[in-house]
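As structure tokens, the structure follows; a few thoughts come after it.
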Amino acid sequence: MPKRPASEPPGPPPKRLRPNFVPHIKRLSDELFLRIASFLPIIDLTSCQMVSKRFSRIAIDGQIWKALFYRRFVRPRASRIPGVSRAPASSLHYSSRNSRWLEDEGLVRTSATNWKELYKLRHNWNRGICGVSEIDITANALPPPIPPLLVRLHEGVVFTADLTRGLRAWKLRRNSEEILIASGDLYQGSADLDAYGAPTAMAVDEDSNTKKAVNIVVGFERGGFGVYQLDMSRSSSTFTLRYIHPRNNLSPGNSSHGPMITSIAYCTPCLLTMTASQVFTVYRFTGSADIGEGKDIPDAHSRMMHAPKILSSLRSHTVWPPLSLSLRRSAQNSVIACIVYAFPLYVAGWSVGIQELRFSDDADRVMDSRIATAVPSGFNPLSATAGSSPASSPTSRSGTGSRSQSLTNTTPLAQPTCLSYAHP
């Protein structure tokens, strides 16, 4: 019998016979498999998704992740509520029908809720690794309505401003008779109607003396404001434009306009404005012939005022209209700027808050800042609370200390439609 040459390679090994049977776990029904998977930890569930299509379908089942979501995020909060924590322990265990879902009740009623993605989102958010994106919803928002008539009362004199008749002043008599004592055009000099738009806010200088002269400031629809003066010592007088502020805080010749002035306050030499973009600005006039208590009336050559200096500009993220601005002098040779605003509470309802900024007369700096809110004691609203950082306050400024206090222990209010404030 001839032998195979030694250089010839050997043939392939014979094939191994594989056992022809199905694993026991594959013989289980989907219901049993789903029951077993409900006891697996999160890391094992995610591993099951990579085994096979059937394993993946069961591992991402909504009922499993719904129970996990309840045990991780709902039951710990429910157990801290006094009324719920004293309930039977069985009521806090997960049940598809009897579980207490608190504020997540709406997710249960929605059949399209993806419980796995919701669990992942809440888990990442709690760990601080969730991506955050910002959507500007104010770009296409409607601007605040323009009031048809602005009215202010100061020491028995009523001042009005509107688009058609301009500025007017009436003297009130005891017999309810009103006498028109002065009128004037709003749009004088560089203050043009097409450039500045309609008047939207007006304030009277709190330091004005109605026996000598009164300063009035008017804010406009397209940004900017004008300061007018009425000489009360003359029998017939008119409003004279003393200063017109640029519409965009940049330069008078710039063609673009700024946000609408929604509220304004004036107390020589300081002026407050709030715009539709929720920017709260404090100005201070220097080197101008201001008219106040005990001061003489300047002549025609000295009536124009110099541009004011910005002392502080604060942007708010929780201040909602309506709001009220005020300026007053204090006994400590300082001026206090105050803003009263509305804001929504975290759970439900609305409340009001007050923030004060104190400025010194001899230096252009903020001496103090404080916040007060009309919320129930122990309730945490969206505004700043004691010990919080300045960035969390309704209008924040770096380097400004703040302290807060509760005004009253009241229930949450409905959204206010009008606010008026006069200290205290």
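The values are calculated or read from the model by the stated rules, or taken from the named source; none is laboratory data. These numbers were taken from a predicted model, which means no experiment stands behind them. Here Cβ is always computed from backbone atoms with ideal geometry, including for glycine, and neighbour counts include all displayed protein chains. These accessible areas exclude ligands, DNA and RNA; they are computed on the full protein's heavy atoms, side chains included. Shrake-Rupley method; radii C 1.70, N 1.55, O 1.52, S 1.80 Å.
With respect to the conditions (1) within 27 Å of Phe280 (Cα to Cα); (2) modelled with pLDDT of 90 or more; (3) not β-branched (Val, Ile, Thr), Arg168 lacks only one, and its number is (1). Taking the stated definitions as given, is Asp44 of a type in the set (Asp, Glu), modelled with pLDDT of 85 or more and either in contact with a Lys or Arg (Cβ under 8 Å, 6 or more places away or on another chain) or surrounded by 13 or more Cβ atoms within 10 Å (Cβ to Cβ) (or both)? So Asp44 fails the test. Based on this model, can you work out whether Glu105 counts as modelled with pLDDT under 70, under 31 Å from the mean Cα position of the chain (by Cα) and open to solvent by 50 Å² or more (accessible area, probe 1.4 Å)? It is true that Glu105 is modelled with pLDDT under 70, under 31 Å from the mean Cα position of the chain (by Cα) and open to solvent by 50 Å² or more (accessible area, probe 1.4 Å). Figure legend. Inter-residue proximity from segment 347-371: first residues more than 13 Å from Asn333 (Cβ to Cβ), second residues part of a strand (DSSP E or B) and at pLDDT below 70, beta-carbon distance below 7 Å, spacing 6+ or different chains. Indicated pairs: Gly349/Leu413; Trp350/Leu413; Ser351/Leu413; Gln355/Thr395; Ile371/Ser404.
For residues in segment 54-77 being of a type in the set (Gly, Ala, Ser) and touching a helix residue (DSSP H, G or I) at 6+ places or on another chain (Cβ under 8 Å), which is surrounded by the fewest Cβ atoms within 10 Å (Cβ to Cβ)? Across segment 54-77, the extreme among qualifying residues is Ser56.
Once segment 165-203 is narrowed to residues that are touching a His at 6+ places or on another chain (Cβ under 9 Å) and surrounded by fewer than 22 Cβ atoms within 10 Å (Cβ to Cβ), the residue that is nearest to Ser330 (Cα to Cα) is Gly197.
Residue-by-condition table, conditions (1) open to solvent by 30 Å² or more (accessible area, probe 1.4 Å); (2) at pLDDT below 85; (3) under 25 Å from Arg222 (Cα atoms):
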site: Asn254; (1), (2), (3): yes, yes, yes
site: Ser263; (1), (2), (3): no, no, yes
site: Leu271; (1), (2), (3): no, no, yes
site: Ile291; (1), (2), (3): no, yes, no
site: Asp299; (1), (2), (3): yes, yes, no
site: Thr318; (1), (2), (3): no, yes, yes
site: Pro321; (1), (2), (3): yes, yes, yes
site: Leu345; (1), (2), (3): no, yes, no
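Remark: pairs (first residue in segment 47-63, more than 18 Å from Glu117 (Cβ to Cβ) and in a helix (DSSP H, G or I); second residue open to solvent by less than 60 Å² (accessible area, probe 1.4 Å) and modelled with pLDDT of 90 or more; Cβ separation under 6 Å; 6+ apart in sequence or on different chains) are absent.
Every residue, every condition in (1) farther than 30 Å from Leu172 by Cβ; (2) in contact with a Gly (Cβ under 7 Å, 6 or more places away or on another chain); (3) at pLDDT 80 or above, yes or no:
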site	(1), (2), (3)
Pro82	yes, no, no
Ser90	yes, no, no
Arg97	yes, no, no
Ser111	yes, no, no
Leu121	yes, no, yes
Leu153	no, no, yes
